[in-house]
1. Of His91, His59, His214, which is the most mobile in a GNM of the chain whose springs link Cα atoms less than 10 angstrom apart?
2. How would Trp216, Trp12 line up by accessible area, probe 1.4 Å, largest first?
3. Name the most mobile residue of Pro83, Pro138, Pro13, meaning the one with the largest mean-square fluctuation, in a Gaussian network model of the chain with Cα contacts below 10 Å.
4. With a 1.4 Å probe and every protein chain kept in, tell me what percent of the accessible surface of the stretch 7-159 is carbon plus sulfur.
5. Per residue, how large is the accessible surface of the stretch 152-208? Use a 1.4 angstrom probe and give square angstrom.
6. On a 1.4 Å probe surface of the protein chains, which of Ser235, Ser145, Ser20 comes out largest in accessible area, and what is the full order?
7. Can you say what percent of the DSSP beta bridges in the chain, counting only those with both residues inside, are antiparallel? Round to 5.
8. Tell me the accessible surface of Leu77 in square angstrom (1.4 angstrom probe, heavy atoms of protein chains only), to the nearest ten.
Amino acid sequence: MRLTVLGGCGAWPTATQACSGYVVEHDGFRLLVDPGYATLPRLLARLTVDAVDAVLVSHGHPDHCADLNPLLRARGLSDDPPPALPVYAPHGALDAVLALDKPSMLAAAYRLHEFRPGDRLRIGPFTVGTRLLPHFVPNAGLRISTPDAVLVYTGDTGPSEDIPRLAEGADLFLSEATYVHRVPSPGDAPYLLTARLAGEYARQAGAARLLLTHLWPGTDTGAALEAAGEAFAGSLDIAAPDLVVDL
């Protein structure tokens, strides 16, 4: 299994960083996870739009799914459209982004498969376990497996004892870490993580490697790594654009 980071910026893209977006590959199958703001140009720097075999979305916030619209436009409005793209997302998560165009315009470009967090999915060569994790909207933590490797991705989440359970023994734990040591707003604290807590969950899970993502724009990445490293002694990095990890 191979993970390629298209972006890992929380909330909005910056001049140098797209929002959440990841390509997960195995046996020639390419799964696009969370096509957030500004991820399509990063994808097109590596692949053609017809090279994406399926899309999997953790939740409906636009920094995780907004670029599904231009991806579907690029496929559906081309002179030689590829087959309909399988798109997997929690129920209702994509209602807003799919409503950006009139339904008939892109109807042939995709096949929507909605699921409830807790469902188990089969997407190409991947087995995907999902689990509801706390966020402002329903969010599915993802455990993406092949016979040889396990990648766990939190989507966006607040503190939960379910996180280390989902990530148990993962080869790579891709965890949101919006803030460094604490979430500044008490109202947001149940729905977002810190780098320090991501490190603690990685340690509890026995994950081999931790990759921090969804950092708030302008966050000191060195401070985030240091905070996560206070709890986690394994391999540790930031989800930077064009980072490639072979599991």
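1. Top of the fluctuation ranking is His91.
2. Trp12, Trp216
3. Looking only at Pro83, Pro138, Pro13, the largest GNM fluctuation is found for Pro83.
4. Carbon and sulfur atoms account for 54 percent of the accessible area of the stretch 7-159.
5. Ligands and nucleic acids excluded, the result is 37 Å² per residue.
6. Largest accessible area first, the residues go Ser235, Ser145, Ser20.
7. Given both bridge residues lie in the chain, the antiparallel proportion sits at roughly 50 percent.
8. Per-residue accessible area (Leu77): approximately 90 Å².
The values are calculated or read from the model by the stated rules, or taken from the named source; none is laboratory data. These figures come from a predicted structure and were not determined experimentally. Note: areas computed on protein heavy atoms with side chains; ligands, DNA, RNA excluded. Shrake-Rupley method; radii C 1.70, N 1.55, O 1.52, S 1.80 Å.
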